[in-house]
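Please read the structure below before turning to the comments.
The values are calculated or read from the model by the stated rules, or taken from the named source; none is laboratory data. No experiment lies behind these values; they were computed from the predicted model shown. For neighbour counting, all protein chains shown are included, and Cβ atoms are generated from backbone atoms with ideal geometry for every residue, glycine included.
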Amino acid sequence: GAAGGAGGAGGKAGDDLEGRYVTALLSRAGVALEHPSEMALAAEIARFSEVIDGILGDLRPHRLCEFLYKLSVKFSDFYRDCRVEGTAEQDSRLLLAAAVARTMRAGMSLLGIDVLDQM
């Protein structure tokens, strides 16, 4: 896949710093992120307001579609890598999944797309 964020040589370092910041915030809320897929997903969620601010600044709404796609890929990785039910991390992982759902719903709403509750 393509590199996220603003790109350039500092992308990885910025992603790592953002990931550590998100991990610290979530740990204060009682959410423990230990698996790399959990941390990557949380860092992607944290980019939502930055993406919206960027769209307001440059009027390029396709960036929201790109963000939602990347978020869905990160969630797919998380779902593949991290068992949820019956684990010590169950509560934290359910909260993380709920945060993804809220973020996806908000992004889709901004695009004028109705979200199904279930299929």
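Things to note:
- Verdict on Leu94 being out of contact with any Phe, Trp or Tyr (no Cβ under 8 Å at 6 or more places or on another chain), within 22 Å of Arg28 (Cα to Cα) and free of Cβ contacts under 8 Å to residues at least 40 places away in the same chain: yes
- Counting only residues that are over 15 Å from Met104 (Cβ atoms) and either among the basic types (Lys, Arg) or surrounded by 11 or more Cβ atoms within 10 Å (Cβ to Cβ) (or both), region 58-73 holds 3 of them.
- Applying the criterion of being of a type in the set (Gly, Ala, Ser) and exposed (fewer than 11 other Cβ atoms within 10 Å of the Cβ) to the residues of region 80-119, the residue that is farthest from the chain's Cα centre (by Cα) is Gly86.
- Boolean, Ser72 is among the hydroxyl-bearing types (Ser, Thr, Tyr) and either under 25 Å from Arg28 (Cβ atoms) or free of Cβ contacts under 8 Å to residues at least 24 places away in the same chain (or both): no
- Gly8 loosely packed, with under 11 Cβ neighbours inside 10 Å, under 17 Å from Glu89 (Cβ atoms) and modelled with pLDDT under 70: no
- For region 56-87, a tally of residues being of a type in the set (D, E, K, R), more than 17 Å from Ala42 (Cα to Cα) and modelled with pLDDT of 95 or more returns 1.
- Counted residues, region 61-119 - those being farther than 19 Å from Ser37 by Cβ, in contact with a helix residue (DSSP H, G or I) (Cβ under 8 Å, 6 or more places away or on another chain) and in a helix (DSSP H, G or I): 6
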